[in-house]
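The numbers here are math on the coordinates, done by the rules we state, and not lab data. In this text, all values refer to a predicted model and were calculated from it rather than measured experimentally. Note that we place each Cβ from the backbone using ideal geometry, even for glycine, and neighbour counts take in every protein chain shown.
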Amino acid sequence: MSRFTVCSALRSQEVVAYNFPKCQRCSEHLVEETGADEGLTPLFLCKGAPENLIAEPGTLKWASAVKFKGKSGEILLLPDLEKPAGLSKVVIGVDDENDVWGSAAIAKLPAGAYRAHISTFGESTFRLFRSVALGFMLGHYCFSRYKKKKIPRSRESQDFEELTVREKARLVWPTSDASARAEVLALAQAIYLARDLITTPAEDLGPQHLAAEATALARAHQGASITVIEGEELLQQNYPAIHTVGRASSRQPLLIDLRWSPPAIAGDERGDLPLVCLVGKGVCFDTGGLDIKPASSMKLMKKDMGGAALLLALSHVIMDQALPVRLRLLIPAVENSISGNAFRPLDVLQTRAGITVENGNTDAEGRLILCDALTEAAADSPDLLVDAATLTGAARTALGSEIPAVFSSCDQLWSELQDAALEEGEMLWRLPLYKGYRKMLESKVADMASTGGEGSPGAIVAALFLQEFVKHVPRWLHIDTGAYNKSSKEGRPEGGEAQGLRALWAFLKRRYQKKVKEGSSKRV
């Protein structure tokens, strides 16, 4: 039976979920095949020169006239001479079967239903169509929560949502592969959710709002339960570092604890499933604390819960696709604010692990809330522990804003994740857990310091700090993500981004669905 124990703000209905219910909106653009061709415009995928696909001399002449080269995302519209303003077919250029972002351009096509023709790609046909469908839905993404909806006067009486769908392009999914369609929809919904959460201003996405979103997610999936520990209860249940970091805000700190196991697996067998623990940094706004950030650095700090958003989104895919694992998601959610009771530089913090930590900088708060949650996750002896956080500017300096940094205590684990990332066409990069830098975390007054001081290799030192709390976990991944598109690109508008989500899902699917096929679990 599902269990829901929520914090006082949620019990009193002061805060309700807004973003999770909205993430379903992407589904309306990917329609199921009906078997009828009437009204469907053929959509051809072209890799390289158009003559590889287009045989008709007239069509080739048209392609040449408009200088169509078949580059990724380039669209060729072929008019229907028998229907004024109609299309006989559409050709779009793609790089390869993983070209999600080139495919996002399809969303810009005129209103109507399109059926993709991709037989020219041979064995890669399914993977390409999966990429095309995902890119198509992400091309439709728009964060419009605070925009006034403009409806043509002649259509004021019509439902706005219906009008929006009808006036946009729709892609037909073949009837033969309903399960694959469900997976693509789950991925698109997850990315919509993460983007919405990260882009929402902190005024409307504090710790209690994040807890409401997680509760809505849990309620949507059979087999899920959730507990939210808030305020002084954190001290009572021994999460002192989370409480210390968040106590200065009028919005109380909290810890979200979501658990799930596949309802289709017999109850007595669920305990044998591998446990996957996810821990996401949920700093809903970061002023820097008493070590206050300059205005230019504080401006985008609504995104400082990007790690939590990423793992909430990943959890949605895991539960939707019934991955044969036991899932536990822990999100420490706080605001790093300034007030008379804010924690200070060089304060010594207590932690759940019993390790005392000298605080080097109040703007390095993420690792402090993560250490309590990681200690709790590690105590469960998970088969795999993954944490994600917008943790350091140093990772962005090393890799830029688009490539998450990955740290791992297990070479084989990184190899599996890297293979999955390459398969999905996503970029992740491993940085070292160099033991020589561990001495930078030494403290004269506490068991360890939280930072390495000025000029230290910040991303590595932060990862080494977290590693102290997962020493007995054999398989651990730490992801330092930027979680934000600083400028718009095809399918990736400026705003929040679920960087690495597709790679993480492919990695988990490879790792745990394989175990089921080998007979480690039985369905009932």
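Rounded to the nearest 0.05, the FRET efficiency derived from the C-beta distance between LEU81 and GLU32 at R0 = 41 Å is 0.85. For the chain, the membrane-span-like helix rule (DSSP H, alpha carbon extent of at least 27 Å along the helix axis, mean Kyte-Doolittle at least -0.5) picks out 178-199; this says nothing about an actual membrane.
Taking only the Cα atoms of the range 177-266, the ratio Rg/Rh comes out at 1.07, with Rh defined as the Kirkwood radius.
Placing a label point 7 Å from the Cα of GLN513 along the Cα-to-Cβ direction, the residues of the range 314-350 with a backbone N closer than 12 Å are 318, 321-324. Is the range 368-490 best put as rounded, prolate or oblate by its Cα gyration tensor, with a ≥ b ≥ c the root eigenvalues, rounded for a/c under 1.5, and otherwise prolate when a/b is larger than b/c, oblate when not? Oblate. Summing Lys and Arg as +1 and Asp and Glu as -1 over all other residues whose Cβ lies under 11 Å from the Cβ of HIS140 gives a net charge of +3. A straight Cα-to-Cα reach below 13 Å connects LYS168 with the aspartates and glutamates GLU28, residues fewer than 8 places away in its own chain not being considered. Extending 7 Å from Cα along the Cβ direction at TRP414 and again at GLN236 yields two label points whose distance is 4.3 nm.
Legend: residue pairs LYS47/LYS108; LYS299/LYS439; LYS147/LYS293; LYS71/LYS509, Cα-Cα distance threshold 22 Å; pairs beyond threshold, LYS299/LYS439; LYS147/LYS293; LYS71/LYS509. Within the range 200-517, DSSP assigns beta bridges of which about 50% are antiparallel (rounded to the nearest 5).
Place a point 7 Å from the Cα of VAL348 along the Cα-to-Cβ direction; which residues of the range 241-281 have their backbone N under 16 Å from it? In the range 241-281, the label zone of VAL348 (backbone N under 16 Å from the point 7 Å along Cα→Cβ) covers 241. Projected label points at SER401 and SER487, each 7 Å from Cα along the beta carbon direction, are separated by 0.9 nanometres. Cβ-Cβ distance of LYS149 and ILE292, R₀ of 45 Å, FRET efficiency by 1/(1 + (r/R0)^6): the value works out to about 0.75. Shown for LEU134, LEU290, LEU384: other C-beta atoms within 10 Å of each C-beta, ranked fewest to most, produce the order LEU290, LEU384, LEU134.
Whole number please: convex hull volume per residue of the Cα set in the chain, in Å³?
Convex hull of Cα atoms, per residue: 175 Å³.
Placing R0 at 45 angstrom, the Cβ-Cβ distance between ASN341 and SER72 gives a FRET efficiency of 0.25 after rounding to 0.05.
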